[in-house]
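Heads up: the structure comes next, in structure tokens.
The values are calculated or read from the model by the stated rules, or taken from the named source; none is laboratory data. What you see is a predicted model; the values in this text were computed from it and never measured. Counting neighbours? That spans all protein chains shown, and the Cβs are built from the backbone with ideal geometry, glycine included. Surface areas here come from the heavy atoms of the whole protein model, side chains and all, with no ligands, DNA or RNA. Shrake-Rupley method; radii C 1.70, N 1.55, O 1.52, S 1.80 Å.
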Amino acid sequence: MFDLTAEPRMQRSHGRARVGFAMTGGAVRLTDLQQAGSGKAMLPRVAGAVPEVVFLNTSGGLTGGDRLDFTVEVGAGARVSATTQTAERAYASTGGMAEVRVRAQVAAGGRLDWLPQETILYEASRLSRRTEIDLSGEASCLIAEAVVLGRHAMGEEPKDATLHDRRVIRRDGRPIWAESLLLDAQALRRQQSPALLGGARAMAVLALVARGAEDALAALRAVLNEPGCTAAASGWDGRLVLRVLARDGWPLRRQMARAIRVLTGRPLPRVWQMQGETG
């Protein structure tokens, strides 16, 4: 018998994808590929010596109770670029947090460019995300994270959404860059405050951790000229950090694209669909 008075049990998505690479015979080659549930990893053909991984969530978005886990392993002397197929969407939750965990290990002399596309927060969304990158020896990484509050073209301006975003980069087990962001209804009520978002609806951070990273500061600042964006960068002791605020996601994406090109010296991942952009 069906109990029509019982609360319906909502289906939740769980996904996991893991990819590993190693330098073998003078080329970077795939050594490990594991996928489960809604987590997938694609390996498109790309020109050049740097392989590209595209992670995706086949559930189409995240809501309370969903779990997503992506892992990348980069062997000694190898370089890998990783991204996501499209913007990740955090939808309204009926209870609980959606959880995303991104982990990477980069061996000595290796480099990872972690360049996911933006996360869009919808009204009543609840998202907890943790990104951890472990570097060995002189390994390096570039990490990007962008968040957009609703769809501007649809007139969406979330007033009740929660994002707890934590990022940490360690070298030989020691934290060398870490930050935590908590965005909630209280912060959104004060969105216009210059101490918070200053009226912005889109924000991003880009961090390069590498020997001599600060030497790229002048070149990076030279491309911080996208209309509609406010951006600032600083560099010190093997770290370079850029922060960007914008009224909408499109100028934010254009500004981030310019910055990423400068700091990678390479084209954007193909799935960003901005290859026609210049500057």
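Okay, here's what the table says:
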quantity	calculated
Segment 26-82: relative contact order in percent, alpha carbon pairs under 8 Å with at least 6 residues between	35 percent
Segment 46-188: C-alpha gyration tensor shape, a/c 1.5 cut-off, then a/b vs b/c	prolate
Cβ-based net charge around S93, under 12 Å, with every Lys or Arg adding one and every Asp or Glu removing one	-2
FRET E, pair A27, W236, Förster distance 35 Å, beta-carbon r, rounded to 0.05	0.50
Computed log₁₀ I(q)/I(0) - Debye formula, equal Cα scatterers, no solvent, the chain, q 0.07, 0.12, 0.14, 0.16 Å⁻¹	-0.26, -0.75, -1.03, -1.34
Percent antiparallel among DSSP beta bridges (both partners in the chain, rounded to 5)	50 percent
Protection proxy ranking, peptides 55-63, 234-242, average beta carbon neighbours within 10 Å, highest first	55-63, 234-242
Extent along principal axes [Cα atoms of segment 130-247; Å; largest to smallest]	47, 31, 24
By average C-beta atoms within 10 angstrom, highest first, the peptides 76-86, 31-41, 252-262	252-262, 76-86, 31-41
Cα-based convex hull volume of segment 178-279 per residue, rounded to whole Å³	118 Å³
Segment 128-220: relative contact order as a whole-number percent, Cα under 8 Å and 6+ apart	36 percent
Probe 1.4 Å, accessible area per residue of the chain, Å²	48 Å²
Over segment 115-177, equivalent-ellipsoid semi-axes from the Cα gyration tensor in Å	32, 12, 6
Relative contact order computed over the chain (Cα-Cα under 8 Å; 6+ residues apart), in percent	12 percent
Extension reserve of the H14-Q35 stretch, reckoned as 0.36 nm per residue once the Cα distance is removed	6.5 nm
Inter-centroid distance (Cα atoms) of segment 185-252 relative to segment 101-148, Å	16 Å
